[in-house]
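In what follows, a single structure is set out as structure tokens and then discussed.
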Amino acid sequence: MLVILSNVAGALDLVTLPEDIIQRLLDGLLHWYVCPASSARDPFGGARDSLLSPQRLALECLSKLTVRESNVDLMLATPPVQRLQQAVGMLVEALGNRNDKVQREFALVLLHAFAKADEVAARWIGEQPLAVSLLLSFIEEAEQSALQIAHQHGVQALSENPELMGTTLDMLKRCASSLCFLSRIEENRKQLLKNEERFLNLCMSQILDQNVARSLAFVLLECGKGEVG
């Protein structure tokens, strides 16, 4: 069932379904994602060379469901709240896993959707000690890869194929946008300002996409308003 759902999740509009089905579906996905049992985390059939586990497929499904904002609202309305907070912590942890690009990007998609949809969720993300640092690291790693590609193959190669930097421009924009949403929450600004130098370095980057750089500059502006206030 999870495999099938992962293939159709991007096309699902949950509000068109009966309420009891929505509840069971989202409750099941969130359960499988946060469940610590080996039955959730181990690959299907015990295949050691497989990356597919119920937890991984649940993450994929939840990520693809964010295509519609109404689906995100329904996720965040699925009790209990403590499970949602636990899921946020696990998403931040997945963002730090450089060895699993796919899982890392699924986590970023969900974190961005949560931060955009709800101030409480944005506060949960900001409360994670490593959240801001890991979001910045995602952009910094792409910038360093872009610099290497430009040095070895020229800027034109990077312009024609931005994915050479190890991720997509869309992911970088989501990452920067996530930081913008976090900056709108006053309680998050102290953590953001701890990384002020990293923000400044990225804003002044000669290779970073200008839309991404502008979003990062917006974060500093928002935090600056808080300090003045």
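Here are some notes:
- Verdict on SER205 being open to solvent by less than 30 Å² (accessible area, probe 1.4 Å), of a type in the set (Gly, Ala, Ser) and assigned to a helix (DSSP H, G or I): no
- Test result for GLN103, within 23 Å of GLN210 (Cα to Cα), open to solvent by 20 Å² or more (accessible area, probe 1.4 Å) and of a type in the set (S, T, N, Q): no
- Per-region count, region 90-118, residues out of contact with any helix residue (DSSP H, G or I) (no Cβ under 8 Å at 6 or more places or on another chain) and either small (Gly, Ala, Ser) or not in a helix (DSSP H, G or I) (or both): 1
- If you go through region 166-186 and keep only what is part of a helix (DSSP H, G or I), aliphatic (A, V, I, L, M) and open to solvent by less than 20 Å² (accessible area, probe 1.4 Å), you end up with LEU172, ALA176, LEU179, LEU182.
- Of the residues screened, ARG174 is one that is touching a His at 6+ places or on another chain (Cβ under 9 Å), of a type outside the set (Ser, Thr, Tyr) and at pLDDT 95 or above.
- Output for region 44-103, where each listed residue is in contact with a Phe, Trp or Tyr (Cβ under 9 Å, 6 or more places away or on another chain), among the polar types (S, T, N, Q) and free of Cβ contacts under 8 Å to residues at least 40 places away in the same chain: SER50, SER53, GLN55, GLN85
The values are calculated or read from the model by the stated rules, or taken from the named source; none is laboratory data. The model shown is predicted, which means the values in this text are computed figures rather than measured ones. Virtual Cβ from ideal backbone geometry, glycine too; neighbours counted across all protein chains shown. Quick note on the areas: whole protein, heavy atoms, side chains included, nothing else; ligands and nucleic acids left out. Shrake-Rupley method; radii C 1.70, N 1.55, O 1.52, S 1.80 Å.
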